[in-house]
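The structure appears below as structure tokens.
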Amino acid sequence: MPRTPAPKRPALGIDPTTGYPETCERQADPCVTSSELYNYGFNAFSGFPNTRDVGVAILDEPVNLDEYAASAGSLDRLATRRSQQDVTFTVSGYGLSKTNPVSTESYRSRLMAKTRLVNLRSSLNGGYNLQLSSAPAQGRGGTCFGDSGGPIPYNNTDVIVAVNSFVSNQNCRGVGFAYRTHRQAVINWILARAGDEVDQIRIVAI
């Protein structure tokens, strides 16, 4: 009896939309390169939970959005809010889609998913991180290795409140953590590196 062929998987390699990791394809909108990068001070998670896990890329061309960055302390009110299950975030990145002791899956393509706030006050957060669900169910998702640095917008907005940082276990299940960018020290650091574009940065309360 002939064997049933295995289902085809998407080819690994260059993302057909963005050109990642080799090029920046012009059909992507927007698609802008950067040749100027800054590190807030990340050093292999020293100083945990304040890992300083933030970077800034100065774009070679402007990209204008109505809203982009959250003001200092924007999410602090959620630390004691009972209805945290109603607060959603969008996670995105080019990292692994799945990993376990027997297999690893990665499409080298940008994926996006909704996730929910789990905690703002645990010892792993320490006022610096968001603790987000990484238990895919009911159309939700999470982050995994290789997603670090991806932006975390609040609810259904373009307002960024954090960036992907680390996960809690080797299988990327349970919870993931994102470094909060809506802290005054981080905002001051970003503005100090914006140069002539500083007046075009919109920081909003949420």
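Distance between the pseudo-spin-label points of SER46 and SER123 (7 Å out from Cα toward the beta carbon): 2.3 nm. This model, with +1 at the C-beta of Lys and Arg and -1 at the C-beta of Asp and Glu, gives the stretch 63-204 a dipole about its Cα centre of some 620 debye.
Which FRET efficiency value, to the nearest 0.05, is calculated for ASN39 and ARG77 with the Förster distance at 35 angstrom and r the Cβ-Cβ distance? With a Förster radius of 35 Å, E is 0.70. Once the Cβ-Cβ distance of ARG116 and GLU197 is raised to the sixth power relative to R0 = 30 Å, the FRET efficiency obtained is 0.35. Placing a label point 7 Å from the Cα of ASN156 along the Cα-to-Cβ line, the residues of the stretch 102-125 whose backbone N sits under 18 Å from it are 112-117. What the Kirkwood sum gives for the stretch 36-183 is a hydrodynamic radius of 15.8 Å, with every pair of different alpha carbons counted.
Annotation: the residues PHE166, PHE177, sorted from fewest to most other C-beta atoms within 10 Å of their own C-beta, follow the order PHE166, PHE177. Near VAL87, the amide H atoms lying under 5 Å from its own belong to LEU117; only residues 5 or more places off or on other chains count, and H is placed 1.01 Å from N. Net charge in the neighbourhood of ALA57 (other residues with Cβ under 11 Å of its Cβ; Lys, Arg +1, Asp, Glu -1) is -1.
Throughout, read-outs are computed from the coordinates displayed, never taken from laboratory work. This structure is a prediction, so every number in the text was calculated from the model and none was measured. Neighbour counts are summed over all protein chains in view; Cβ atoms, including those assigned to glycine, are modelled from backbone coordinates with ideal geometry.
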